[in-house]
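So the structure is just underneath, and the comments pick up after that.
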Amino acid sequence: MRFTAEDQAINVLDDNSNAYWKRESAARFLSEHPTDRAIEHLVHALQDDNFGVRWEAAVTLTRLGEAALPELLTALADPHRVGDSRLREGVYHVLHYSHAPKMPVPIDGLMEALKGPAADIATLEEANRLLDMLKKQPAKKTESPAGVHPN
């Protein structure tokens, strides 16, 4: 399936009634046209019922690296989402294989929390701590990483 616009790809990705291969294709399209909105929907797709859709979303987010971090942390800090092991596994994969040369905050504690005992609680706490750290950092004056355009 060919996509021509972000809205079209997001609508297909988010609609579970679409064939999995169409939704995977939508995730690939969004990787070529990353925006903050696209990243939000890709992070949500880490909890999809279909493994292939989750995989494509994770691969895309891995390529985006640092640009995906705030949305990944926001998802992990959501008490309604962090209990989903698919989300934690997806985030672990994204951060472990990230193409970012260096993250803006140290993620070692988060990586341990994602795989450690009581992972849901530990991850929630660590994600909140890292979000606070990100908020305290001065705003960058350079262009957004990975060509991400603010909405």
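The values are calculated or read from the model by the stated rules, or taken from the named source; none is laboratory data. These numbers come from a predicted model, not from an experiment. Here the Cβ is made from the backbone with ideal geometry for all residues, glycine too, and neighbour counts use every protein chain on show. Accessible surface areas use protein heavy atoms only, side chains included; no ligands, DNA or RNA. Shrake-Rupley method; radii C 1.70, N 1.55, O 1.52, S 1.80 Å.
Some points to look at:
- Distance-filtered residues of the stretch 65-90 - backbone nitrogen under 19 Å, label point 7 angstrom along N50 Cα→Cβ: 86-87, 90
- Per residue, the accessible area of the stretch 11-149 comes to 53 Å², computed with a 1.4 Å probe over protein heavy atoms only.
- Pairwise label distance in nanometres, E112 with S85, each label 7 Å out on the Cα-Cβ vector: 2.3 nm
- Helix-derived mean residue ellipticity, 222 nm - over the chain, DSSP H n ≥ 4, -39500 (n - 2.57), to 500: -18500 deg cm²/dmol
- The chain: C-alpha gyration tensor shape, a/c 1.5 cut-off, then a/b vs b/c: oblate
- Rounded, prolate or oblate (a/c below 1.5 giving rounded, otherwise prolate when a/b exceeds b/c) for the stretch 96-138 by Cα gyration tensor: oblate
- Rounded to 0.05, the FRET efficiency of the N16 and D36 pair, given R0 = 25 Å and the Cβ-Cβ distance, is 0.60.
- Whole-percent carbon and sulfur share, accessible surface of the chain, 1.4 Å: 51 percent
- Fully extending the segment from A5 to N128, taken as 0.36 nm per residue of separation minus the present Cα-Cα distance, adds 41.0 nm.
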